[in-house]
Amino acid sequence: MIRKAPLSLSAVVLCVAFITPATLMGSDLVRDHVLSFSHVVAGNLGGQYTESVLFVANPTSQSIVVELFSTPDSLARRSIALGPFGTEEVRITADTYTAGWLQVSSAEQFAADLTVVIKPAKDSETITARVDVPGQVPLSKVVTPVRVRTALALDTGIALALNTPAAPDEKLKFLLYDSIGNQIGERLVEPGYYIAMYVTELFQDLPETFNGGWMSVELVDGAGQPAEQAMALSLVSIYTGGAELLTAGATGIDSPGRYTVSLPTPDDTQVTALLDQYNLELVRHTPGSKLFTVKTTREVARSLARDQRVESVTVALYVPVA
């Protein structure tokens with residue numbers, strides 16, 4: 001983000017605009033317990049130093065392994081082994097300012113939170129400001145409140161993580177509504193895997209009377225229709241105003257997305273039984289194949305994945321070819 005004035009604390013937190021990752025996430029997005037932290041920053045910028053602190057806890061009496069995947073990879077990509085009721089703190093630091101997002105996953109239940117800390121210098125014990133970044137289960141659509149030009153917030157910064165790759169014709173569609181539900185803005189944006197910007201930068205022609213409302217974001221195809229990409233998005237919003245940094249709520253909407261279902265055999269009798277039980281349409285990939293595409297919510301996909309008649313359920317991904 002370009003600023004003519006000296007960087008404020010909010011600008012230090014929300015500085016990088018677009019990032020493309022080198023690799024895809026490696027966790028099982030359907031079966032695993034997954035949290036996506038949409039804004040992770042570390043390094044020196046504008047005379048301030050930022051770092052992100054991740055706290056992970058094992059609430060069970062069994063040992064578990066928690067996987068960290070990040071975009072870019074250099075932020076935090078590792079495995080953490082936690083003993084029964086164990087915890088670990090991971091400090092994400094860098095010499096060169098780096099921004100992106102983090103995905104935390106495990107086959108077992110876990111708890112995690114992340115805090116961005118701003119300090120005068122890397123080795124300083126003084127904390128200038130901090131902001132909590134809530135973890136989200138990535139879903140097909142996200143909505144968030146927006147405030148601008150108010151006593152609570154001069155602007156709203158957003159950081160968006162694209163957890164799965166988008167097809168070439170797909171774009172991110174942002175819709176902005178005022179406090180009584182009137183749509184006042186629409187913007188299509190090329191889907192970078194990490195996007196950070198202010199609402200007033202995204203919508204530069206806001207009416208002078210607009211002080212707040214809400215915004216939705218989802219992937220759409222070339223015809224402007226929902227792309228039905230399952231578990232694609234997570235987002236965090238931050239109310240900014242000089243030294244004031246407050247996390248706003250963001251809610252994922254589990255609208256139907258595409259999943260790939262693999263059965264042990266291509267037996268039509270088994271397919272019919274699944275259709276009757278779950279009231280779904282299974283589209284076979286090719287004649288005689290045991291692979292099917294289904295459009296449903298993540299909750300139903302997780303139920304399918306636990307069904308003993310099903311071999312596996314995965315997010316149907318567009319895989320870019322280099």
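Just so it is clear, none of the values below were taken in a lab; they were calculated from the coordinates. Computed from a prediction, not measured in an experiment: that's the story for all the values here. As a convention, Cβ positions derive from the backbone with ideal geometry for all residues, glycine included, and neighbour counts pool all protein chains shown.
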Packing rank of 37-44, 53-60, 74-81, where each peptide gets the mean count of other beta carbons within 10 Å, highest leading: 37-44, 53-60, 74-81
Summed side-chain charge close to E108 - residues other than E108 whose Cβ falls under 15 Å, Lys, Arg +1, Asp, Glu -1: -1
Per-residue [θ]222 nm for the chain (sum of -39500 (n - 2.57) over DSSP H runs n ≥ 4, rounded to 500): -2500 deg cm²/dmol
For the chain, alpha-carbon Rg relative to the globular expectation (2.2 N^0.38 Å, N residues): 1.06
Loop sites in the stretch 192-270: GluC sites (Glu not before Pro), DSSP, at most 15 other Cβ within 10 Å: E208
Kirkwood-based Rg to Rh ratio, the stretch 170-218, C-alpha trace: 0.97
Karplus 3J(HN,Hα) series, Hz, for the stretch 271-277 with 6.51 cos²θ - 1.76 cosθ + 1.60 (x for Gly, Pro): 4, 4, 4, 5, 4, 5, 6
Exposure proxy ranking, count of Cβ atoms within 10 Å, fewest first, for Y49, Y97: Y97, Y49
3J(HN,Hα) from dihedral phi, the stretch 99-113, Karplus parametrisation 6.51/-1.76/1.60, rounded to Hz, x for glycine, proline: 9, x, 9, 10, 10, 10, 8, 7, 5, 10, 5, 8, 10, 7, 9
Among T115, T150, T98, residue whose mean-square fluctuation peaks in a GNM of the chain (springs only between Cα atoms under 10 Å): T150
Förster radius 25 Å - calculated FRET efficiency between D169 and R302, Cβ distance, rounded to 0.05: 0.30
In the stretch 115-151, the trypsin sites (Lys or Arg not before Pro) that fall in loop regions by DSSP, at most 15 other Cβ within 10 Å: K122, R149
Karplus 3J(HN,Hα) series, Hz, for the stretch 231-239 with 6.51 cos²θ - 1.76 cosθ + 1.60 (x for Gly, Pro): 6, 8, 10, 9, 8, 10, 10, 10, 6
Neighbourhood charge, 14 Å Cβ-Cβ cut-off, centred on V220 and excluding it, Lys, Arg +1 and Asp, Glu -1: -3
Total formal charge among the other residues, if their Cβ is under 9 angstrom from that of F55, Lys/Arg +1 and Asp/Glu -1: -3
